């Protein structure tokens, strides 16, 4: 039950993009085409899950016992950067198809604050390894739902007669606002415990 | 080979200097950070146990609580509780008198809607709780004996705070029985 | 002050304002701008990190091998971010509490690494410091503006003091997440209206 609450809390109620404002650069940057949004979601899910596992282990088995918690930020970001590089190299060699699909998104992910934020939040919320994993999957699910909905909206608005000053980013922000308003309807739905 | 070694050495030096700087900053600020936290806790305890000059931390069956003393007598108890609010978990520190009446509460953390649910921390809402015992600790709209008005547009938050405070009063009564202090 | 200094300094405030012009660093801009105090606190913390890391990277630029520059930038930036995190926790615990996880997240704020790569690695210390300060100030001003607007119209207060008449019903939407998106959309549209004349 607790896992269930963590999952839906992360995915819908506290949606990482629309409610917590994390990972917005890619949200606005990549969402002009639906297929890009879908590929980005897979890349984010993959890296986020790996990063959560590695950073959780590193924190609980290395930084905490050695009293080096103050190196947390530096360690986590370096680990994520290194992880992204490794994944990229591995994919290029062993899964060229997947690399062609996701490759260009991987470098962008290093500076996607959602990844680092999830690594921090796993620690701050005191989650166990299993809970961290469930939380991570919930977050990336929420990322996917939000960005796919948003990309579909933007594809339609592209063809609509938008006032000159609102063309491009401004109308995208307004759309995001409306989508965020819709997601607020879920607040309180589960009495979620975080 | 030589360049790799050289580059590695440079990276190592930068990392070592960075880690050293951080260790110094961490050492330097730690005393002040823990003093802040202690100060914050003392401030909250003074707020929920206003008439108790001394407060002693106690632990009974793994649960931490605080015994307030004044001139050699027990004058109040404080305990932390959690309740499910509208946006997430609310955690409260509640002060209870030896007669089992509410002395006050302080919200430690919450995820309620800004502008609506977070009014539960405001004095106007808090004041209603003062002096109430278990029988009256209900929202008026939930029970005929209840003495509490819910916040406008934040019934769920109001109910959560009420339940949290009730749980604190019940726990204090139970803990005192176990701790051996007279009710 | 030389005119080129002035240009380095003001570049980030107006011409390349990170939020309104370049649209980077949006996450903290939207997340912590619910009140003017939080917004300025975040802005100043970011300014400190930007100026300090720009300065140090510029100082070390001849010693940093090109292949290793990104990891070294990351180490330098995260050092200052962690320092800022602990200093805020020690001296401004209330602001630190409301900024939460966004303080350590300054490390992935694209502005910081972006300026290190695009400016500090190629310019001398003095110019880099000014560039960092200017960019940080531009970021702070944008954040402060968002924070002030959201607080005044969404809660009727500014820096915690009541500024609107008691009869003003606060427009709660503005302090909620959707309000942040809507407001920034409207501000950028307004900016476009006045700067980008229709052809």
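Every number here is computed from the coordinates shown, using simple stated rules; none is lab data. No experiment lies behind these values; they were computed from the predicted model shown. So basically every Cβ, Gly included, is an ideal-geometry build from the backbone, and we count neighbours across all protein chains shown.
Points worth noting:
- Based on Cα contacts under 8 Å between residues 6+ apart, chain C shows a relative contact order of 35 percent.
- Under the Debye formula (equal points on every Cα, no solvent term), log10 I(q)/I(0) of the range B:121-183 at q = 0.18, 0.25 Å⁻¹: -0.66, -1.04
- Between 0 and 90°, nearest 10: helix A:129-157 axis offset from chain A longest Cα axis: 20 degrees
- Annotation for residue A:93 and residue B:152: the two label points, set 7 Å from Cα along the Cα-Cβ direction, are 6.7 nm apart.
- Between 0 and 90°, nearest 10: helix B:155-179 axis offset from chain B longest Cα axis: 90 degrees
- Three-way shape label, chain A, alpha-carbon gyration tensor, a/c 1.5: oblate
- Whole-percent P(r), the range C:74-199, all Cα pairs, 10 Å bins from 0: 11, 28, 33, 22, 6, 0.
- Using C-alpha pairs below 8 Å separated by at least 6 residues, the relative contact order for chain B is 16 percent.
- Spacing of the two label points (7 Å from each Cα toward its C-beta) at residue C:21 and residue C:159, in nm: 2.8 nm
- The alpha carbon radius of gyration of the range C:1-117, expressed as a multiple of 2.2 N^0.38 Å, is 1.10.
- Per residue, the convex hull spanned by the Cα atoms of the protein assembly as shown measures out at 194 cubic angstrom.
- Taking the helices alone, the protein assembly as shown has a mean residue ellipticity at 222 nm of -19500 deg cm²/dmol, built from -39,500 (n - 2.57) per DSSP H run of at least 4 residues and averaged over all its residues.
- Note: relative contact order over the range B:56-124, using C-alpha pairs below 8 Å and six or more positions apart, is 20 percent.
- Cα gyration tensor shape of the range B:49-179, rounded if a/c is under 1.5, else prolate or oblate by comparing a/b with b/c: prolate
- Nearest 10 degrees, 0 to 90: helix B:2-48 Cα axis against chain B principal axis: 20 degrees
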